[in-house]
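So the structure is just underneath, and the comments pick up after that.
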Amino acid sequence: GAVDILHCIEAWGPDEQRRAYEAIARFERDGLDRLQIMPGASELCGFLDARQIRRGLITRNVKAAVDLFHQRFGMTFVPALSREFRPYKPDPAPLLHICSTWDIPPTEVIMVGDSLKDDIVCGKRAGAFTCLLDETGRYGPHESLPEDVKPDFMVSSLPEVLSVLEEHFDLAPVSVAESRI
């Protein structure tokens with residue numbers, strides 16, 4: 001399987017870690033100029049805002065990227081946890097932190113993400129509903145996914161998340177309420 005560079009770096013000595021994180025930071029700073037919003041993100045945020053449903057963000061990017069995203073696109077996620085929050089996904093701690101901040105149980109949250117091994121595993125470990133965004137079909141059909149990482153829902157675009165929310169959840173203000181699955 002793929003190597004998780006962040007976990008790999010944690011096993012290194014302090015000087016090696018510092019140099020590695022500096023190299024990653026340079027690479028990410030270069031990428032900030034090309035930062036784009038995912039198609040359908042503003043519509044999904046508008047949908048959630050209209051229903052007073054909160055949204056948080058968990059990313060393995062640096063805080064500078066999150067700050068630029070908020071500034072450039074005007075869509076604020078609270079809380080927005082960057083990779084400076086430890087431990088990072090796939091550990092459930094970031095999602096459990098958001099639930100604690102919002103004072104709601106993870107069973108009233110849906111974790112939407114494009115990584116099976118990070119986002120979906122984080123959501124499942126936290127006890128939340130999970131929705132895999134697979135725009136390219138790289139993960140194959142839903143039924144072919146291993147049971148331990150199989151998301152509750154699978155979509156190929158962010159606008160499809162709206163349909164999942166409307167069809168499978170009672171959308172009460174402030175949180176995604178009990179599922180009707």
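The values are calculated or read from the model by the stated rules, or taken from the named source; none is laboratory data. Treat the numbers as computed from the prediction; the structure is a model and nothing was measured. Please note: Cβ atoms are built from the backbone with ideal geometry, for glycine as well, and neighbour counts cover all protein chains shown.
Remarks
- Residues that are polar (S, T, N, Q) and free of Cβ contacts under 8 Å to residues at least 24 places away in the same chain, drawn from segment 142-173: Ser144, Ser156, Ser163
- A search for C-beta distances below 7 Å between a residue of segment 99-112 that is more than 21 Å from Met154 (Cβ to Cβ) and in the same structural domain as Ile58 (by TED's automatic domain parsing) and any residue that is of a type in the set (A, V, I, L, M) and surrounded by 14 or more Cβ atoms within 10 Å (Cβ to Cβ), counting only pairs 6+ apart in sequence or on different chains, returns Cys99/Val109.
- Any chance Arg83 is surrounded by 16 or more Cβ atoms within 10 Å (Cβ to Cβ) and either assigned to a loop (DSSP other than H, G, I, E, B) or not assigned by TED's automatic domain parsing to the domain that holds Gly123 (or both): yes
- Any chance Tyr139 is surrounded by 16 or more Cβ atoms within 10 Å (Cβ to Cβ) and modelled with pLDDT under 95: no
- Selected residue (only one of Arg29, Arg34 is touching a residue at least 24 places away in the same chain (Cβ under 8 Å) and among the basic types (Lys, Arg)): Arg29
- Candidate set from segment 52-80 (those that are part of a helix (DSSP H, G or I) and in contact (Cβ under 8 Å) with a residue 24 or more places away in the chain); member that is surrounded by the most Cβ atoms within 10 Å (Cβ to Cβ): Phe69
- The sole residue among Asp148, Asp91, Asp118 that is assigned to a helix (DSSP H, G or I) and either surrounded by 13 or more Cβ atoms within 10 Å (Cβ to Cβ) or in the same structural domain as Ile5 (by TED's automatic domain parsing) (or both) is Asp118.
- Near pairs, Cβ below 6 angstrom, 6+ apart or cross-chain, from segment 126-141 (without any contact (Cβ under 8 Å) to a residue 24 or more places away in the chain and in the same structural domain as Asp114 (by TED's automatic domain parsing)) to any residue that is surrounded by 13 or more Cβ atoms within 10 Å (Cβ to Cβ) and among the basic types (Lys, Arg): Thr130/Lys124
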